[in-house]
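Participant: Below you'll find the structure I mean.
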Amino acid sequence: MTIPLWYKNAVFYQIYVRAYKDDLGTGFGNIRGLSSKIGYLKELGVDCIWLMPIYPSPLRDDGYDISDFCNVNPQFGTLEDFQALVKSVHENGIRIIMDLVINHTSDEHPWFKIARSDKNSPYREYYVWSDSADRYRDARIIFLDTEESNWTWDTEAGQYYWHRFYSSQPDLNYDNPAVRQEILKVMKFWLDMDVDGFRVDAVPYLFEREGTNCENLSETHDFLKEMRHFLEENYQDRILLCEANQWPEDVRDYFGDGDEFHMAFHFPLMPRIFMALKQHDFSPIQWALQKTPNIPKNSQWCIFLRNHDELTLEMVTESERQWMWDAYAPDPKMRINLGIRRRLAPLLGNNKDLIGLANSLLFTLPGSPVIYYGDEIGMGDNIDLQDRNGVRTPMQWDATPGAGFSTAEILYAPIISDAPFSPEFVNVKDEQNNEYSLWQIIHKMILARKQHPVFGSGSFRLINCGKPAVFCFERSGLEEKFLLINNLSPEGQKVKVLLESDCQRLIDVLSGMSFPLHQQELTFHLEGYQFLWLKME
Ligand code: NOJ
């Protein structure tokens, strides 16, 4: 049975296979380990998992440096393991999308190895070469802390090659039709294995043109439309999710006329949720929502609080960035490139009420939510690890020495070891057994969200209740209407809300309590960081 638009009402969960579960005792999480946790994912209630790259890779950018598009990194398992995973995920009513990194390969990809060593090989034209490092000067450098230029000299090739990320990730040359064909072939390979779609990495940078910043070019959109067309022609119910860290008006173009991406991450909204929480004022969120253009009916925003990268501050002004750094990354070690390399719980002071509130926004604002593995239990980070590794530590399943992640002595990365984030305090098992845990709060929100499709596709209307700290809004669809009230302040608040529509009863879907109404003006006494999801009947 096909369910069109399933993604509009889905809760996504992002998984780093290496970090999730090691069932072989190697110290590396693997695909079979993940398969053994499908029961957990089902219980949590997520609808679709997003797997970070599992392809063969030297892992110099955690798999975003692919050396073979049509295989699985042997450290993670085999193609058979992957097929078994997809099958069992589906049998449990969950979908699975995977990262597809199309902008670049690893410098260890055979295409690049041949390209750099043989000027006359057809693979030479798979990459972007130049005799000088002067071309495309208007393109910014993304990995500011490590890269000095988007060009790197290659002694073997006797030329410079172009890369938007690490120099170990040469960009593919999309002007070459053979490259475009290769990518469609890669899509086919995985779609034929029944994956439900792709999170397509770094899409703004596919083409380069002199005199532009080499982002969001029309040629890029043309190819992305070709990918969508290929998907629609040959498969049903599959999706493309766009990673374009851009302003809303630019991201809007990635939906096309409903003929490009199904979904796109909402990058400008995310940092503004953190601003609003710290300033106790919803106006940054309101600003982002006002700037958010309408998107085609078959499209959906993907909203998130944290992911495997730094909390990116590219989509804020200079002064907002400085404010965010001061507020959330007081120690310079917490900063990287234009962002903050910390996890959700430490960012929010490990305050369960505040983390719950942040998640309440994630689940009720327009779009489909993505949860980053471990954030459902409030995992911590390790800023002593380099790069973004501090937010990619092993999943904490229980309080045993290997945290239930692995029995190996040496792990790919150390488990968080200090209170209050070590497994003794933060782990799945204990949180599932404690009815007041963060896991239970998030679990409840996931279930409630899934029961009410209005959160996925309903309209949004701000309700001004006269207090900047109380973010109050309505979500309405054809069949349901919700009043959402979020107290962004640690202080209690008394607010009056005037309901526009005729409503006889409010049901708090998180607690199950219901209140008959006798008038349209309601008074709420909210506790600090309290949130209410009220169904209007
Ligand atoms: C975006 C990914 O999220 C990030 O982890 C990666 O380093 C870059 N793209 C390059 O692929």
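The values are calculated or read from the model by the stated rules, or taken from the named source; none is laboratory data. Since the model is a prediction, treat every value here as computed from it, not as a measurement. Heads up, the Cβs are rebuilt from the backbone with ideal geometry, glycines too, and the neighbour counts pull from every protein chain shown. Quick note on the areas: whole protein, heavy atoms, side chains included, nothing else; ligands and nucleic acids left out. Shrake-Rupley method; radii C 1.70, N 1.55, O 1.52, S 1.80 Å.
Participant: Anything in region 500-509 that is within 10 Å of Leu534 (Cα to Cα) and open to solvent by less than 30 Å² (accessible area, probe 1.4 Å)? List them, or say none.
Facilitator: Pass one, region 500-509, residues within 10 Å of Leu534 (Cα to Cα): 505-509.
Of everything in region 500-509, those that are within 10 Å of Leu534 (Cα to Cα) and open to solvent by less than 30 Å² (accessible area, probe 1.4 Å) turn out to be Leu506, Asp508.
Participant: Yes or no: Ile446 within 26 Å of the chain's Cα centre (by Cα) and open to solvent by 20 Å² or more (accessible area, probe 1.4 Å)?
Facilitator: No: the conditions fail for Ile446.
Participant: For region 151-165, state whether one or more residues are part of a helix (DSSP H, G or I), among the aliphatic types (A, V, I, L, M) and out of contact with any Pro (no Cβ under 8 Å at 6 or more places or on another chain). Give the steps one after another, and end with the answer.
Facilitator: We begin by selecting, within region 151-165, every residue part of a helix (DSSP H, G or I); these are none.
Checking region 151-165: not a single residue is part of a helix (DSSP H, G or I), among the aliphatic types (A, V, I, L, M) and out of contact with any Pro (no Cβ under 8 Å at 6 or more places or on another chain).
Participant: In addition: Of the residues Asp201, Asp171, Asp196, which is at pLDDT 95 or above, away from the ligand (no atom under 16 Å from the Cβ), within 30 Å of Phe12 (Cα to Cα) and within 24 Å of the chain's Cα centre (by Cα)? I'd like the intermediate steps shown before the answer.
Facilitator: Details: Asp201 fails: away from the ligand (no atom under 16 Å from the Cβ); Asp171 fails: away from the ligand (no atom under 16 Å from the Cβ).
Residue meeting the stated conditions: Asp196.
Participant: Exactly one of these conditions fails for Glu314: (1) more than 21 Å from Pro490 (Cβ to Cβ); (2) of a type in the set (Asp, Glu); (3) over 20 Å from the mean Cα position of the chain (by Cα). Give me its number.
Facilitator: (3)
Participant: State which residue pairs qualify: first residue within 13 Å of the ligand (Cβ to nearest atom) and at pLDDT 95 or above and inside region 385-401, second residue among the small types (Gly, Ala, Ser) and part of a loop (DSSP other than H, G, I, E, B) in any location, beta carbons under 8 Å apart, and separation of 6 or more residues or different chains.
Facilitator: As it stands, the answer is Asn389/Ala413; Arg392/Ala413, since those pairs meet every condition given.
Participant: Which of the residues that make up region 364-388 are farther than 16 Å from Lys37 by Cβ and either surrounded by 24 or more Cβ atoms within 10 Å (Cβ to Cβ) or in contact with a strand residue (DSSP E or B) (Cβ under 8 Å, 6 or more places away or on another chain) (or both)?
Facilitator: Applying the first criterion (farther than 16 Å from Lys37 by Cβ) to region 364-388 yields 364-370, 378, 380-388.
Those that are farther than 16 Å from Lys37 by Cβ and either surrounded by 24 or more Cβ atoms within 10 Å (Cβ to Cβ) or in contact with a strand residue (DSSP E or B) (Cβ under 8 Å, 6 or more places away or on another chain) (or both): Thr364, Leu365, Pro366, Gly367, Ser368, Pro369, Val370, Gly378, Gly380, Asp381, Asp387, Arg388.
Participant: Could I ask something else about it? Take Asp353 and tell me if it is within 16 Å of the ligand (Cβ to nearest atom), open to solvent by 10 Å² or more (accessible area, probe 1.4 Å), touching a Pro at 6+ places or on another chain (Cβ under 9 Å) and more than 14 Å from Leu305 (Cα to Cα).
Facilitator: Working: within 16 Å of the ligand (Cβ to nearest atom): no; open to solvent by 10 Å² or more (accessible area, probe 1.4 Å): yes; touching a Pro at 6+ places or on another chain (Cβ under 9 Å): yes; more than 14 Å from Leu305 (Cα to Cα): yes.
Here the answer is no, as Asp353 does not meet what is asked.
Participant: I'd like to know if region 322-343 contains one or more residues that are surrounded by 19 or more Cβ atoms within 10 Å (Cβ to Cβ), over 22 Å from Gly378 (Cα atoms) and touching a helix residue (DSSP H, G or I) at 6+ places or on another chain (Cβ under 6 Å).
Facilitator: No, region 322-343 has no match at all.
Participant: Pick out the one residue from Ile141, Ile49 that is open to solvent by less than 10 Å² (accessible area, probe 1.4 Å) and modelled with pLDDT of 95 or more. Walk me through how you get there before you give the answer.
Facilitator: Details: Ile141 fails: open to solvent by less than 10 Å² (accessible area, probe 1.4 Å).
Testing whether each residue is open to solvent by less than 10 Å² (accessible area, probe 1.4 Å) and modelled with pLDDT of 95 or more leaves just Ile49.
Participant: (1) outside any helix (DSSP H, G or I); (2) within 27 Å of Phe455 (Cα to Cα); (3) in contact with a Phe, Trp or Tyr (Cβ under 6 Å, 6 or more places away or on another chain): which one isn't true of Ser360, the others all being true?
Facilitator: Failing condition for Ser360: (1).
Participant: Would you mind finding the one in Asp326, Asp375, Asp353 that is more than 25 Å from Glu249 (Cα to Cα) and part of a loop (DSSP other than H, G, I, E, B)? I'd like the intermediate steps shown before the answer.
Facilitator: Numbers: Asp326 fails: part of a loop (DSSP other than H, G, I, E, B); Asp353 fails: part of a loop (DSSP other than H, G, I, E, B).
Sole residue among the options that is more than 25 Å from Glu249 (Cα to Cα) and part of a loop (DSSP other than H, G, I, E, B): Asp375.
Participant: Mind listing whichever residues of region 294-323 are assigned to a loop (DSSP other than H, G, I, E, B), in contact (Cβ under 8 Å) with a residue 12 or more places away in the chain and more than 16 Å from the ligand (Cβ to nearest atom)? Walk me through it before giving the result.
Facilitator: Residues of region 294-323 assigned to a loop (DSSP other than H, G, I, E, B): 294-299, 305-310, 313-317.
This time we only want the ones that are in contact (Cβ under 8 Å) with a residue 12 or more places away in the chain, so: 295-299, 305-310, 313-316.
Ile295, Pro296, Lys297, Asn298, Ser299, Val316, listed by residue number.
Participant: Now for a different question. Wholly within region 410-504, which helices (runs of 4 or more DSSP H) include no fewer than the required count, namely at least 3 residues that are on the phi < 0 side of the Ramachandran plot and among the charged types (D, E, K, R)? Give the derivation first.
Facilitator: On the way: elements: 428-433, 438-451, 454-457.
Answer list for region 410-504: 428-433, 438-451.
Participant: Oh, and also: Out of all the residues in region 474-497, is one or more small (Gly, Ala, Ser) and open to solvent by 60 Å² or more (accessible area, probe 1.4 Å)?
Facilitator: First pass over region 474-497, keeping only residues small (Gly, Ala, Ser): 476-477, 489, 492.
Right, trim to open to solvent by 60 Å² or more (accessible area, probe 1.4 Å) and you get none.
Among the residues of region 474-497, not one is small (Gly, Ala, Ser) and open to solvent by 60 Å² or more (accessible area, probe 1.4 Å), which makes the answer no.
Participant: Given the conditions (1) open to solvent by less than 20 Å² (accessible area, probe 1.4 Å); (2) more than 16 Å from the ligand (Cβ to nearest atom); (3) β-branched (Val, Ile, Thr), report the number of the one that Thr155 does not fulfil.
Facilitator: (1)
Participant: Being open to solvent by 40 Å² or more (accessible area, probe 1.4 Å) and within 16 Å of the ligand (Cβ to nearest atom): is that true of Ile183 here? Break it down into steps so the answer makes sense when it comes.
Facilitator: Working: open to solvent by 40 Å² or more (accessible area, probe 1.4 Å): no; within 16 Å of the ligand (Cβ to nearest atom): yes.
Considered against the rule, which asks whether it is open to solvent by 40 Å² or more (accessible area, probe 1.4 Å) and within 16 Å of the ligand (Cβ to nearest atom), Ile183 comes out as no.
Participant: Which members of region 52-61 meet the condition of being open to solvent by 10 Å² or more (accessible area, probe 1.4 Å) and closer than 20 Å to Ser406 by Cβ?
Facilitator: Selection gives Leu59 alone.
Participant: Filter region 158-168 for residues that are over 15 Å from Tyr126 (Cα atoms) and open to solvent by 10 Å² or more (accessible area, probe 1.4 Å); which is farthest from the ligand (Cβ to nearest atom)? Spell out how you get there, then give the answer.
Facilitator: Applying the first criterion (over 15 Å from Tyr126 (Cα atoms)) to region 158-168 yields 158, 164-168.
Now drop any that are not open to solvent by 10 Å² or more (accessible area, probe 1.4 Å), which leaves 158, 165-168.
Numbers: Gly158: 26, Phe165: 4, Tyr166: 8, Ser167: 12, Ser168: 11 Å.
Among residues in region 158-168 that are over 15 Å from Tyr126 (Cα atoms) and open to solvent by 10 Å² or more (accessible area, probe 1.4 Å), the one farthest from the ligand (Cβ to nearest atom) is Gly158.
Participant: Determine whether Leu24 is open to solvent by 50 Å² or more (accessible area, probe 1.4 Å), farther than 17 Å from Trp190 by Cα and away from the ligand (no atom under 14 Å from the Cβ). Show your work before the answer.
Facilitator: On the way: open to solvent by 50 Å² or more (accessible area, probe 1.4 Å): yes; farther than 17 Å from Trp190 by Cα: yes; away from the ligand (no atom under 14 Å from the Cβ): yes.
Criteria met by Leu24.
Participant: Could you please give the count of residues in region 180-193 that are free of Cβ contacts under 8 Å to residues at least 60 places away in the same chain and closer than 26 Å to Ile142 by Cα?
Facilitator: Of the residues in that region, 1 qualify.
Participant: Mind counting the residues in region 401-429 that are open to solvent by 30 Å² or more (accessible area, probe 1.4 Å) and more than 26 Å from the chain's Cα centre (by Cα)?
Facilitator: 7
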